[in-house]
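The structure under discussion appears below in the form of structure tokens.
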Amino acid sequence: MRKTGKNDPRPSEITPEAVYLNRRTLIAGAVAAGLLPSTGWAESGPTGPQLRHTRNAPLSTTETPNSWEDITTYNNYFEFGTEKADPAVNARAFRAQPWTVTVSGEAEVRGRFTLEDILKAHALEERIYRLRCVERWSMVIPWIGFPLGDFIRRFKPTSRARFVEFTTLHDPKRMPGQRYPVLEWPYREGLRMDEAMHPLAILGVGLYGRVLPNQSGAPLRLVVPWKYGMKSIKAIVKIAFTEKQPRNTWNVAIPDEYGFYMNVNPNVDHPRWSQARERRIGAGLFNEMQPTLMFNGYADQVASLYRGMDLAKYY
Ligand SMILES: Nc1nc2c(c(=O)[nH]1)N[C@H]1C(S)=C(S)[C@@H](COP(=O)(O)O)O[C@H]1N2
Ligand SMILES: [Mo]
């Protein structure tokens, strides 16, 4: 992972950090001076350093992406509050650099890697994916990332590796929501190895061609478009290859409502509501609910992963 060959992609193009920080400082200053509201306010367009990437059209949806504002002001990120508007405000001061990811467990290659090392090793692609939350809303998001499978292959998982476990940073000083026992901290998620190797599963590092904003899971998050949003864990610091199925946060919190798989499925209701329809965020004045698609519209690509499984039992 640390070695890079002459054909490897060049590291992502980074805008001089001073420019970026200066802008953030100006904004923070404006908020402090009472010139801008401190809540419910967002920058109007894509911000942050640009990322060098290509577009992966075949694996992208042709639907129109949601606006930067929709995507960055309506988030679930309990480390920064339980309301949708909280993360944009409470994650503003979070520093996502420097960052390391520890890879452990059933693999020949293990260790601790800097985010720069990881970025140098992978070409970045834009993938426009739907994100469908279990709460019945959805968005279309132009992610920048790289295939999780490419990342995994470099570590040469052993034959005992049946699952991949992901863990979010645990640092209540930097993540104020972790001071309250609303969930079991740190947030944790898992995928079966074949799910993790599927080409649609990516590790996300950007949005709208820019580095991920903090509320969207900077600097590294999972994006699994055929599953409910809770699988797409943010601010990942640990990745472990395991023999046993990992614990996952929402299953630990409410096992009757959230299982391990959490595939988007219009035919399997949440115990407290139907999953048959969803509301697209930002779809305008007469924002009717629309039918939810099996596996969030990715059935042709992923249904084979679950052949023979009772999806009402493995929800
Ligand atoms: N660490 C962490 N990751 C998380 C969450 C969280 O609370 N903490 N919320 C999940 C849920 S429920 C959803 S719907 C998505 C939302 O991702 P978005 O903010 O990019 O839309 O993040 C997921 N990842
Ligand atoms: Mo969610």
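Points to keep in mind about this one:
- Against the list (1) outside any loop (DSSP other than H, G, I, E, B); (2) closer than 23 Å to Ala57 by Cα, the condition Ala88 fails is (2).
- The strands (runs of 3 or more DSSP E) found wholly in region 98-153 and carrying at least 1 residues that are modelled with pLDDT of 95 or more, in contact with a Phe, Trp or Tyr (Cβ under 7 Å, 6 or more places away or on another chain) and over 23 Å from Leu169 (Cβ atoms) occupy 125-132, 137-147.
- Residue ID - nearest to the chain's Cα centre (by Cα), chosen from residues in region 153-175 that are buried (at least 22 other Cβ atoms within 10 Å of the Cβ) and aliphatic (A, V, I, L, M): Val164
- Of residues in region 154-174 being assigned to a strand (DSSP E or B) and more than 13 Å from ligand 1 (Cβ to nearest atom), the one farthest from Lys238 (Cα to Cα): Pro157
- Positions within region 230-271 being among the charged types (D, E, K, R), within 15 Å of ligand 1 (Cβ to nearest atom) and assigned to a loop (DSSP other than H, G, I, E, B), in sequence order: Lys234, Arg247, Glu257
- Residue, nearest to ligand 1 (Cβ to nearest atom), within region 102-141, restricted to residues that are of a type in the set (Phe, Trp, Tyr) and more than 15 Å from the chain's Cα centre (by Cα): Trp137
The values are calculated or read from the model by the stated rules, or taken from the named source; none is laboratory data. Model, not experiment: these values are computed from the prediction. With ideal geometry, Cβ positions are generated from the backbone for all residues, glycine too; neighbour counts draw on all protein chains shown.
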